[in-house]
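The values are calculated or read from the model by the stated rules, or taken from the named source; none is laboratory data. Source: prediction; values computed, not measured. Heads up, the Cβs are rebuilt from the backbone with ideal geometry, glycines too, and the neighbour counts pull from every protein chain shown.
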Amino acid sequence: MQKDDQRADHIENTPADPASVLSPDTLVVCDELRLRMVEKIPNLAELLVSARRASDFEHQMKLLESFKLYPKAVLFSMIISIAIVMEGYDLTLIASFFGYPTFREKFGVRLADGSYQVTPHWQSGLQNGAQVGEILGLVFAGLLADRFGYKMTLLGALVMIICTIFVLFFAQNIGMLFAGEVLCGLPWGAFQTLTTTYAAEVSPIALRSYLTTYVNLCWGIGSIIATGVLRSLLRRSDEWAWRIPYAIQWFWPVLVIIGVSFAPESPWWLIRKGRLDEAKRSLRSLTSHRRSSSDLDDTISFMVVTNEHEKFVNDGVSYWDCFKGVDRRRTEVVCVVWMVQVLCGVSFSTNIAYFMEQAGLPATTAFDFGVGLVGLGLTGTVCFWFVMQYVGRRTLYVWGLAIMLTILLIVGFLGIPAAGDTSIAYASGALLLVFVFVYGITVGPACYSLVSELPSTRLRIKSVVIARNCYNIVGIAGNFLQAAILNRLAWNLRGKGAFIWCIFCGISFVWTYFRLPEPTGRSSAELDLLFEQKIPARKFSKIKVDPF
């Protein structure tokens, strides 16, 4: 009650004229745009005062208070994000299967020494098949979600994944396995965009980075489950050694379908559709009973003003509109941010089981390293939640890339001596574990927060779709490159392959330093203004902003 009284006093004492509290160096909406909005929205002044109250209150909310006021938003976002567990699980399966004896015997070719290998072309094909499906799934998900909403699109994708898993489970040859990966990629594409954007749209500023980066944690959870399942079945010599891991995937869709069925629709999506009453009911379903009706009205006013402002800047909501005007820069940033997840060289470390086996270590030891790698990745994401309270996402990106670049250089030099030295193999493996931890505490989770925060609210889904597809396209090229680097039937570079990834990691570092802005603590309306005024990336965190 004391907090509610304090908030009531704050609202009562909020000036009706926002300009009366502005300092001379505060960034505000230009007069021309504000005049145009007044002509079209007669009650704009009233909406601005209400929106300002909501914005001020949200900025003042601390983390614990946000959890108390938005408990159901946290719950539903976390349940929906579990859908990403399936993608992390399967992609880790297929990458680890290349070092899996029973899988290689079933789908590989016999070499002169009597061992089996999946050919480089099929290694790339299987990994890229899922990403090709994801590219198509992302495009359709963006269109369907804009028209039918998050809930209906997610439910359709979950039903589809239940059906497509049958193709993987009953695969008789590598071609059928490839087809199954492509088909599974279609719903995974929907999960990739909708889980992140839903988390961003149902949470306040204080929770936004936690719920969006939780998506990355879910990917890591799927990865560690896959690695643990494969490690437990490693001694099996029959076909169930690889069929059981695929069958386990049927568990996740059922769990998520139940959660999605009870989840409210995104209030931002309802605002974009002009369904204000439904948006308020949705917001009520996401918050605790402590929030008053007037409080919810203020939040709805904030959403309306932000949406109308963005409509005046760029009225369109098509994919093409992401490349027009102010939104062109925002699209560039989110695309490259996600591409950096590949370009930093993380695929060189995530193939650690195959890397260690090619270095001469036994399969059991190689898979033990794989388990450790995924565990460190998860630990890094949890640590990120504590670190980001003190360090911005831009800073984490810059320093993370610098450290990963250094590690790749060391691994590259360790790979120069001839193969066969197990001490060098262990040292390289240990460094790759450190690499994954650094990735897990910086670039890995920070990416999900950045790509969901930086686009405009009206183009958020479409921007995330484009960005994720850029990631998938670069990932396809990276898979071809990585397969050629390690496979004994191709370049067989072993540790020296790290030098190749150093080039891309270095380019990513330079771009990040000059082009990546800092969105920490900024509302959607504030970010709109910073991009509209073309503020340089390195000054984003230093500019005072008042969009109301």
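Just a few scattered comments:
- Of the helices (runs of 4 or more DSSP H) lying entirely inside region 136-252, those containing at least 2 residues that are closer than 30 Å to residue 273 by Cα and in contact (Cβ under 8 Å) with a residue 40 or more places away in the chain span 150-169, 174-202, 205-232.
- Some residue of region 70-78 being of a type in the set (Gly, Ala, Ser), within 30 Å of residue 163 (Cα to Cα) and buried (at least 18 other Cβ atoms within 10 Å of the Cβ): yes
- Of all residues in region 44-57, those that are β-branched (Val, Ile, Thr) have Cβ atoms under 9 Å from Cβ atoms of residues that are modelled with pLDDT under 85, 6 or more apart or on another chain, in 49/14; 49/15; 49/16; 49/17; 49/18; 49/548.
- Within region 501-526, the set of residues being modelled with pLDDT of 90 or more, in a helix (DSSP H, G or I) and not hydroxyl-bearing (Ser, Thr, Tyr) comprises 501, 502, 503, 504, 505, 506, 507, 509, 510, 511, 514, 515.
- The numbered conditions (1) assigned to a helix (DSSP H, G or I); (2) within 27 Å of residue 134 (Cβ to Cβ); (3) in contact with a Leu (Cβ under 7 Å, 6 or more places away or on another chain) are all true for residue 529 except (2).
- Verdict on residue 114 being outside any helix (DSSP H, G or I), without any contact (Cβ under 8 Å) to a residue 60 or more places away in the chain and either buried (at least 23 other Cβ atoms within 10 Å of the Cβ) or among the small types (Gly, Ala, Ser) (or both): yes
- Members of region 379-395 found to be of a type in the set (A, V, I, L, M, F, W, C) and surrounded by fewer than 21 Cβ atoms within 10 Å (Cβ to Cβ), listed by number: 382, 383, 385, 386, 387, 391
- Enumeration of residues in region 202-258 that are among the polar types (S, T, N, Q), under 28 Å from residue 66 (Cα atoms) and crowded, with 24+ Cβ neighbours inside 10 Å: 209, 212, 213, 216
- Search result, residues across region 396-441 that are outside any helix (DSSP H, G or I), surrounded by 16 or more Cβ atoms within 10 Å (Cβ to Cβ) and either without any contact (Cβ under 8 Å) to a residue 40 or more places away in the chain or in contact with a Ser or Thr (Cβ under 6 Å, 6 or more places away or on another chain) (or both): none
- Test result for residue 124, within 16 Å of residue 245 (Cβ to Cβ), modelled with pLDDT under 80, in a helix (DSSP H, G or I) and of a type outside the set (Val, Ile, Thr): no
- In this structure, residue 182 does satisfy being over 29 Å from residue 74 (Cβ atoms), among the β-branched types (Val, Ile, Thr) and crowded, with 20+ Cβ neighbours inside 10 Å.
- The residue that is modelled with the lowest pLDDT, among those in region 274-320 that are basic (Lys, Arg) and in a helix (DSSP H, G or I), is 311.
- Looking only at region 491-537, residues that are touching a His at 6+ places or on another chain (Cβ under 7 Å) and within 26 Å of residue 426 (Cβ to Cβ) come to 0 in all.
- One residue from 463, 456 being at pLDDT 90 or above, farther than 16 Å from residue 537 by Cβ and in contact with a Lys or Arg (Cβ under 8 Å, 6 or more places away or on another chain): 463
- Total residues in region 321-335 satisfying the condition of being out of contact with any Leu (no Cβ under 9 Å at 6 or more places or on another chain) and either within 23 Å of residue 548 (Cβ to Cβ) or at pLDDT 90 or above (or both): the figure is 7.
- Residue 542 vs. criteria more than 19 Å from residue 58 (Cβ to Cβ) and free of Cβ contacts under 8 Å to residues at least 12 places away in the same chain: yes
- Sole exception among (1) more than 19 Å from the chain's Cα centre (by Cα); (2) in contact (Cβ under 8 Å) with a residue 60 or more places away in the chain; (3) not in a helix (DSSP H, G or I) for residue 458, by number: (1)
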